[in-house]
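To start, the structure under review is shown below, and the notes come after it.
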Amino acid sequence: YFETNKTACSWKKLHPDMTIFVDQEGGSVVRIPDAAPPSPRDSKKLTESAFYNGVKKSAKKLKDLCIDVNLAPMVEMSNGDSRSYGATAQNIVPRATLFSRAMQSEGIRTVLKHFPGWHDDCIPLKDLNSIKLKVKIGSEATKCRIGNNLAQFNKSISVFKEVPADAWMIGNNIYEELGPYPSTMNPEVIALVRNNLGYKGLVISDAL
């Protein structure tokens, strides 16, 4: 039984070892408006110092609210700037690194998302009958094709190794060339994380 009106700090008093997460990217995903960091769109107008200090201010507020982990930054390559820092590693890595470092400076752990970070040539999933799974209406899961863009796909993967963080989050997209399963459940995707990139840290899944 959970009392939903309890604050994070009151839960921490009851369970000191509890780890509390928040999804606080600063773009189209902001759970605590008073502690919002600069959005990816706004970050393009800021100097590196101003951006870092803006995220650091957000992190301090999260810490005061007894938050332990922020499910951010997003490091997916995308031309849309509501959540992404850009479509190239040169755009993403500096800002995502500043975001992560600023959060960590106030004791907030960070999570990179959503591996493998490729969203071109994707369509919404209507069903997963072939692997006997149901798809929730409105799910973020999609089916994607790497096609002739393997080099770009590999670049999207490499970004995860370049940005410091405490964990990686794997998304739910299906990549036809890697098999029929959503990335979270796909052993080929896990192999990319563990074997190809040699990442040994914590991996968590997006909601499936």
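The values are calculated or read from the model by the stated rules, or taken from the named source; none is laboratory data. None of these values were measured; they are calculated from a predicted model. All Cβ positions, even for glycine, are placed from backbone atoms using ideal geometry, and neighbour counts span all protein chains on display. For accessibility, only protein heavy atoms count, side chains too; no ligands or nucleic acids. Shrake-Rupley method; radii C 1.70, N 1.55, O 1.52, S 1.80 Å.
Pull up region 108-125, narrow it to residues that are hydrophobic (A, V, I, L, M, F, W, C) and part of a loop (DSSP other than H, G, I, E, B), then point me to the one that is surrounded by the fewest Cβ atoms within 10 Å (Cβ to Cβ).
Looking at residues that are hydrophobic (A, V, I, L, M, F, W, C) and part of a loop (DSSP other than H, G, I, E, B), I get 125.
Can you confirm whether region 194-208 contains a residue that is among the β-branched types (Val, Ile, Thr), over 18 Å from residue 21 (Cβ atoms) and in contact (Cβ under 8 Å) with a residue 24 or more places away in the chain? Among the residues of region 194-208, not one is among the β-branched types (Val, Ile, Thr), over 18 Å from residue 21 (Cβ atoms) and in contact (Cβ under 8 Å) with a residue 24 or more places away in the chain, which makes the answer no. Working only within region 16-45, note down all residues that are loosely packed, with under 14 Cβ neighbours inside 10 Å and at pLDDT below 90. Matches in region 16-45: 28 only. No other residue among 34, 68 is out of contact with any Ser or Thr (no Cβ under 9 Å at 6 or more places or on another chain) and not small (Gly, Ala, Ser) apart from 34. Does residue 174 satisfy being over 23 Å from residue 25 (Cβ atoms), hydrophobic (A, V, I, L, M, F, W, C), surrounded by 17 or more Cβ atoms within 10 Å (Cβ to Cβ) and in contact with a helix residue (DSSP H, G or I) (Cβ under 6 Å, 6 or more places away or on another chain)? Here the answer is no, as residue 174 does not meet what is asked. When you go through 161, 143 one by one, which is the residue that is in a helix (DSSP H, G or I) and open to solvent by 60 Å² or more (accessible area, probe 1.4 Å)? Being in a helix (DSSP H, G or I) and open to solvent by 60 Å² or more (accessible area, probe 1.4 Å) holds for just one of 161, 143, which is 161. Look at region 126-145: where a residue is at negative phi and a partner is hydroxyl-bearing (Ser, Thr, Tyr), sitting 6+ places away or on another chain with Cβ atoms under 8 Å, you get 131/181; 144/175; 145/175.
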